[in-house]
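Comments concern the structure below.
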Amino acid sequence: MLSAKIVIVEDENDIREVLTYNLEREGFRVWGAADGVLGLKLIQDKVPDLILLDLMLPGLDGLQICQKLKGDKLTAAIPIIMVTAKGEEHDIVTGLDLGADDYVTKPFSPKELIARVRAGLRRGKPIDRENDRRLENDGITIDLDRHEVSVDGERVTSFTATELKLLYFMALHSGRVFTRDHLLNKVVGHDSFVVDRNIDVHIQSIRKKLGKRREMIETIRGVGYRFRDSGER
Ligand code: CA
């Protein structure tokens with residue numbers, strides 16, 4: 001099997017070279033571009049398995065590229081990891097809402113980056129996970145049809161329908177960062193039973209019920225939440 005293809009769009013040469021070096025050492029096939037317009041062309045040409053995308057770029061910026069990729073059938077499903085600078089929280093949130101999967105903040109360790117890339121590639125696999133009605137993830141079992149959650153084999157019966165929906169959605173897309181808006185509008189939706197429209201309250205309640213496994217839901221400061229990917233630890 002051929003190794004995964006990765007395109008890096010990053011205008012800082014040092015960072016692009018470090019990324020390329022580390023990814024090639026892991027056996028990935030890597031292509032890089034230093035400019036947004038060329039980067040978009042490269043992605044459309046290679047149709048890679050994953051994209052590392054800087055936000056501040058000459059030509060087209062990262063958010064514009066993200067929008068174009070998600071609007072094109074050919075590239076819509078390719079996982080995007082944004083490579084961001086400190087203080088770009090607002091752009092990170094916009095990027096995630098546009099459909100990017102995840103982000104890393106400069107400076108990052110190669111080890112962390114490789115773990116994120118591997119998690120991204122797993123998510124990009126064309127397995128029909130949407131039909132997975134029962135998930136098992138690090139001691140947490142979620143059965144959507146039976147409306148059941150177990151933590152280390154112990155059934156927890158107190159989950160509300162909304163909490164179950166949120167937990168299931170995040171576990172299904174483990175490793176991916178979701179903004180509060182995304183969770184509220186795309187997952188909770190306009191369920192008339194939902195009293196509290198504050199996502200933090202729901203997450204807090206879910207964590208409490210997960211007990212020892214509460215750390216499986218990670219808070220991403222200024223951005224949102226994610227369910228840890230089991231490959232990360
Ligand atoms: Ca840049």
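The values are calculated or read from the model by the stated rules, or taken from the named source; none is laboratory data. Owing to the predicted nature of the structure, the values given are computational and were not obtained by experimental measurement. We place every Cβ from the backbone using ideal geometry, glycine too, and count neighbours over all the protein chains shown. Note: accessible area is taken over every heavy atom of the protein model, side chains too, but ligands, DNA and RNA are not part of it. Shrake-Rupley method; radii C 1.70, N 1.55, O 1.52, S 1.80 Å.
Of all residues in the stretch 142-155, how many are on the phi < 0 side of the Ramachandran plot and open to solvent by 30 Å² or more (accessible area, probe 1.4 Å)? Residues that pass the stated criteria total 6.
Candidates in the stretch 20-47 are the residues that are outside any loop (DSSP other than H, G, I, E, B) and β-branched (V, I, T); of these, the one that is farthest from E112 (Cα to Cα) is V37. The residues on offer are L96, L113, and the sole one that is surrounded by 23 or more Cβ atoms within 10 Å (Cβ to Cβ) and touching a residue at least 60 places away in the same chain (Cβ under 8 Å) is L96.
Does the stretch 7-23 contain at least one residue that is touching a helix residue (DSSP H, G or I) at 6+ places or on another chain (Cβ under 8 Å), of a type outside the set (A, V, I, L, M, F, W, C) and within 16 Å of the ligand (Cβ to nearest atom)? Taking every residue of the stretch 7-23 in turn, at least one turns out to be touching a helix residue (DSSP H, G or I) at 6+ places or on another chain (Cβ under 8 Å), of a type outside the set (A, V, I, L, M, F, W, C) and within 16 Å of the ligand (Cβ to nearest atom). With respect to the stated conditions, V37 fails to be closer than 24 Å to I220 by Cβ and within 16 Å of the ligand (Cβ to nearest atom).
Taking the conditions (1) in contact with a Ser or Thr (Cβ under 7 Å, 6 or more places away or on another chain); (2) modelled with pLDDT of 95 or more in turn, F227 satisfies each one other than (2). Within the stretch 135-157, being modelled with pLDDT of 90 or more and touching a Phe, Trp or Tyr at 6+ places or on another chain (Cβ under 7 Å) holds for I142, V149.
If the condition is being more than 12 Å from the ligand (Cβ to nearest atom), touching a residue at least 12 places away in the same chain (Cβ under 8 Å) and either on the phi > 0 side of the Ramachandran plot or surrounded by fewer than 22 Cβ atoms within 10 Å (Cβ to Cβ) (or both), then the stretch 43-59 contributes Q44, K46, V47, D49. The set of residues from the stretch 9-19 being outside any loop (DSSP other than H, G, I, E, B) and either in contact (Cβ under 8 Å) with a residue 60 or more places away in the chain or not assigned by TED's automatic domain parsing to the domain that holds F108 (or both) comprises I15, V18, L19.
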